[in-house]
Amino acid sequence: MGRAFVYVIVGGGVAAGYAAHEFVKRGVSRGELCIISEETVAPYERPALSKGYLFPEAPARLPSFHCCVGTNEERLAPKWYKEHGIELILGTRVKSADVRRKTLLTATGETISYKYLIVATGARALKLEEFGLNGSDAANVCYLRDLADADRLVNVMKSCPGGNAVVIGGGYIGMECTASLVLNKLNVTMVFPEAHCLARLFTPKIAKYYEEFYQSKGVKFIKGTVLTSFDFNSDGKVTAVNLRNSGKLLVDMVVIGIGIRPNASLFEGQLTMEKGGIKVNGKMQSSNSSVFAVGDVAAFPVKVVGETRRLEHVDSARKTARHAVASIMEPGKTGDFDYLPFFYSRVFTLSWQFYGDNAGEVVHFGDFSGSSFGAYWIHKGHLVGSFLEGGTKEHYEAIAWATRLKPEIKDLSELERQGFDFALSLRQKPPSSGPNDIGGGLGLIVEKPSYAWHATAGVIVAASIAAFAYWYGRRRRLW
Ligand SMILES: Cc1cc2nc3c(=O)[nH]c(=O)nc-3n(C[C@H](O)[C@H](O)[C@H](O)COP(=O)(O)OP(=O)(O)OC[C@H]3O[C@@H](n4cnc5c(N)ncnc54)[C@H](O)[C@@H]3O)c2cc1C
């Protein structure tokens, strides 16, 4: 049994949805494109799972968050794929790939051949068993990577109202799940080995702000330790969490967020790997010219930091996907991907964005006792990364712009004094040949920018109005 397509996407998550959208925009013909996904639903905006999906009131449910609503574009419900003649093979795992023969074998025994393959298999949550522990299968232990996990988490939360939850892991998933558990009125303790939350990105000062905010919502933190074992009852449910040198916590439920691993094993030994994922060039093309990789599974050259990186964020999934399709369909017109790394998170009433790279020295700015503050990272005399909490759309655009420009910074204390106004001043006075697209533009590096050091009152008033509009709009966003 077999079928042949011109284009096949393996994996049906965020990147697959955006790739399909791009294929259609670029005039793919009916019957040429197929998506094979282990999940049983059409591609959706995965970040919704730890945010709107877990709301106690009016939670987000499909079809409301199918791709590409996360970028305010059309929503690709299953009907959309049908209308465009795209074959959506759902609930089907690809169990092997042969890049020499250009074929995939599915778990249902079907062989699917392609001319071009896009690998969009994302990543999977790391399991306790991979750290020598057990208990992942217990009915009240939850992970959060896909819709099935999210449904399970919702059911477990509902089964223990007012109960005690322990979240293992202080990264994105841990932080976002904790906020959702609190909104669902559980008593939450976060446990992680690092000295503070989101240690891969946050400075101690930034982390302190979020930890204090979480504490004001009743969250307890136990840091510098790890889970060593669970106690179980006769039904196999976890009743307590045992910590190294930190005693025992009685629990009604546990959420595990201890990291992810890219789903690259189908191609091991066939494609060049890097950073645990599939190595691609600036066209998102792997070591086999017919195979492209995008999203969490792809390690691609990030020009702005001068390194190959594998990013685990939704914006990168969306943009690498679109770029791969452009490279395949219009190779002559498509240059190398030039991406400014971007991540964000929203928890409770808080919302932050980060652009660039968190390397080098840090300069904090703003009011850490209020609701808006940020940080710049300065590496080798240039601003390479920016973080902002509580900004408006215009504010975030300004820090993105400033980071993309990579301005030379001679005086850190002057930068600290200027704070956010520094980014705003660059935004106000773009250089005549500045970047035209902060997320994937020209990547121009301004060595000696001429700064307008002071924001005008007019811009501040406009920003305040925009702030209200953005805040109001944000209240309704679920992903
Ligand atoms: C709960 C949650 C919240 C998040 N929130 C944020 C956020 O706030 N901000 C942010 O920047 N990023 C966030 N992320 C990260 C973001 O969602 C990912 O970076 C993004 O989904 C990656 O897209 P992808 O298409 O590469 O992989 P995925 O979206 O994970 O899709 C991979 C797909 O491939 C399928 N698949 C894998 N192997 C096979 C196989 N062998 N055969 C068939 N199908 C297969 C999977 O089932 C899945 O459908 C979040 C992630 C999670 C899990």
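The numbers here are math on the coordinates, done by the rules we state, and not lab data. Everything numeric here is computed off the predicted structure, so don't read it as measured data. Don't worry about glycine lacking a Cβ; one is built from the backbone with ideal geometry, like all the others, and counts go over all protein chains shown.
Let me know the shape class of the stretch 366-422, please: from the alpha-carbon gyration tensor, a ≥ b ≥ c as square roots of the eigenvalues, rounded when a/c is under 1.5, otherwise prolate if a/b is greater than b/c, or oblate. Provide the component values of the computation, followed by the final result.
Working: a/c = 2.25, a/b = 1.37, b/c = 1.65.
Verdict is oblate for the stretch 366-422.
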- Nitroxide proxy distance, nm - points 7 Å out along Cα→Cβ at Glu414 and Asp137: 6.5 nm
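Rank-order 346-355, 294-303 by packing density, defined as the average count of other C-beta atoms within 10 Å over each peptide's residues, highest first. Mind dumping the intermediate values first?
Details: 346-355: 20.1, 294-303: 26.7.
Descending packing order for the listed peptides: 294-303, 346-355.
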- Antiparallel bridges, percent of DSSP beta bridges restricted to the chain (to nearest 5): 60 percent
- Helix-derived mean residue ellipticity, 222 nm - over the chain, DSSP H n ≥ 4, -39500 (n - 2.57), to 500: -8000 deg cm²/dmol
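By how many nm would the segment from Gln215 to Thr272 grow when fully extended, if each residue of separation counts as 0.36 nm and the alpha-carbon distance is taken off? Walk me through the numbers before you get to the answer.
Working: separation 57, 0.36 × 57 = 20.52 nm, distance 4.52 nm.
Stretched fully, the Gln215-Thr272 segment lengthens by 16.0 nm.
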- Item | Global size of the stretch 219-364 as Cα Rg and Dmax, reported in angstrom | 20.7, 64
- Message: Within the stretch 17-42, list the residues whose amide N lies under 14 Å from a label point set 7 Å along Cα→Cβ of Glu83.
- Response: 21, 24-25
- Item | ³J(HN,Hα) computed for each position of the stretch 62-73 - Karplus, 6.51 cos²θ - 1.76 cosθ + 1.60, integer Hz, glycine/proline x | 5, x, 5, 10, 5, 4, 10, 5, x, 10, 6, 10
- Note on the structure: Once normalised by the length of the chain, the mean sequence separation of its alpha carbon contacts under 8 Å that are 6 or more apart gives a contact order in percent of 13 percent
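From largest to smallest, what semi-axes in whole angstrom does the stretch 128-258 give when each is the square root of 5 times an eigenvalue of its alpha carbon gyration tensor? Walk me through the intermediate numbers first.
On the way: eigenvalues 96, 56, 38 Å².
In descending order, the three semi-axes are 22, 17, 14 Å.
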- Task: Provide the convex hull volume over Cα atoms per residue for the stretch 1-147, in Å³.
- Result: 134 Å³
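For the stretch 128-258, what is the percent of antiparallel DSSP beta bridges, rounded to the nearest 5? Please report the intermediate quantities before stating the final value.
Values: 9 of 24 bridges.
Restricted to the stretch 128-258, the bridges split so that about 40 percent are antiparallel.
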- Collect residues whose amide H, placed 1.01 Å from N in the peptide plane, falls under 5 Å from the amide H of Gly91; neighbours closer than 5 in sequence don't count. Ser37, Glu39, Thr40, Val41
- For the stretch 122-157 and the stretch 237-314, what is the separation of their Cα centres, given in Å? 16 Å
- Task: Let me see the pair-distance distribution of the chain: every alpha carbon pair, 20 Å bin width, integer percents in order.
- Result: 23, 54, 23, 0
- So what is the relative contact order of the stretch 243-348, in percent, for Cα pairs below 8 Å that sit 6 or more residues apart? 21 percent
